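A.B. asks: Take a look at this one; I'll ask things after.
The values are calculated or read from the model by the stated rules, or taken from the named source; none is laboratory data. Computed from a predicted model, the values in this text were never measured in an experiment. All Cβ positions, glycine included, derive from the backbone under ideal geometry; neighbour counts span all protein chains shown.
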Amino acid sequence: MAKQPLEFIKFSLVGAVNTLIDFTVFTVLSNMGVLLLVAQCVSYTCGVLNSFLLNRTWTFRGRGQYSGQWIRFLVLNLGTLTITYGILVYLHDYLVWPILVSKLLATGVSLVINFMGSRVLVFS
């Protein structure tokens, strides 16, 4: 199997775990009445921490300077968080879609952005 498709499969599996973590934390915080922005940032951060560790060690077998990869990974995910929060707010607040449907679509967008960014910018 070619390297890129195998990496995408591994990245997607890691993403599934990250998404489970993200959605669980988001749901708990949302049900507690935590502001949407705070719930999104906290839940997304929990997924990001897991993502970095699993993708560095398993998906991309990261070699090289840990701190440099960590900084690039954080910058990538901060950008992704900004984009996905915008999508989340637009779908939920302006189109009045259910919050978890909005979150699911925003998460799909983040999968594509993060895979390409991780492969090209972070763990290359």
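A.B. asks: Condition first: β-branched (V, I, T) and outside any loop (DSSP other than H, G, I, E, B). Now tell me which residues in segment 80-100 satisfy that. Break it down into steps so the answer makes sense when it comes.
C.D. replies: The initial filter retains those residues of segment 80-100 that are β-branched (V, I, T), namely 80, 82-84, 87, 89, 96, 99.
Listed by number, the residues that qualify are T80, T82, I83, T84, I87, V89, I99.
A.B. asks: How about segment 91-110: which of its residues are surrounded by fewer than 18 Cβ atoms within 10 Å (Cβ to Cβ) and either among the basic types (K, R) or touching a residue at least 12 places away in the same chain (Cβ under 8 Å) (or both)?
C.D. replies: I99, L100, L105, V109
A.B. asks: Regarding segment 58-79, can at least one residue be identified that is farther than 17 Å from V122 by Cβ, in a helix (DSSP H, G or I) and in contact (Cβ under 8 Å) with a residue 24 or more places away in the chain?
C.D. replies: no
A.B. asks: Condition check: exposed (fewer than 13 other Cβ atoms within 10 Å of the Cβ) and modelled with pLDDT of 90 or more. Does I87 satisfy that?
C.D. replies: no
A.B. asks: Condition check: surrounded by fewer than 18 Cβ atoms within 10 Å (Cβ to Cβ), over 22 Å from E7 (Cα atoms) and in contact (Cβ under 8 Å) with a residue 24 or more places away in the chain. Does I113 satisfy that?
C.D. replies: Criteria not met by I113.
A.B. asks: Within segment 47-69, does at least one residue satisfy the condition of being in contact with a Leu (Cβ under 7 Å, 6 or more places away or on another chain) and at pLDDT 90 or above?
C.D. replies: No: segment 47-69 contains no residue that is in contact with a Leu (Cβ under 7 Å, 6 or more places away or on another chain) and at pLDDT 90 or above.
A.B. asks: Please give the number of the condition T19 fails out of (1) over 16 Å from N114 (Cα atoms); (2) of a type in the set (V, I, T); (3) assigned to a helix (DSSP H, G or I).
C.D. replies: If we test T19 against (1) over 16 Å from N114 (Cα atoms); (2) of a type in the set (V, I, T); (3) assigned to a helix (DSSP H, G or I), just (1) comes out false.
A.B. asks: Can you tell me which condition S67 does not meet? The list is (1) among the polar types (S, T, N, Q); (2) under 20 Å from F11 (Cα atoms); (3) loosely packed, with under 13 Cβ neighbours inside 10 Å, and all the others hold.
C.D. replies: Unmet condition: (2).
A.B. asks: What are the residues in segment 12-60 that are farther than 17 Å from L88 by Cα, crowded, with 20+ Cβ neighbours inside 10 Å and touching a Gly at 6+ places or on another chain (Cβ under 7 Å), if any?
C.D. replies: Correct list: N18, R56.
A.B. asks: Sticking with this one: Among (1) surrounded by fewer than 16 Cβ atoms within 10 Å (Cβ to Cβ); (2) under 20 Å from I113 (Cβ atoms); (3) aliphatic (A, V, I, L, M), where does L81 come up short?
C.D. replies: (1)
A.B. asks: Evaluate segment 70-84: report whether one residue or more is in contact with a Ser or Thr (Cβ under 6 Å, 6 or more places away or on another chain) and under 14 Å from I21 (Cβ atoms).
C.D. replies: No, segment 70-84 has no match at all.
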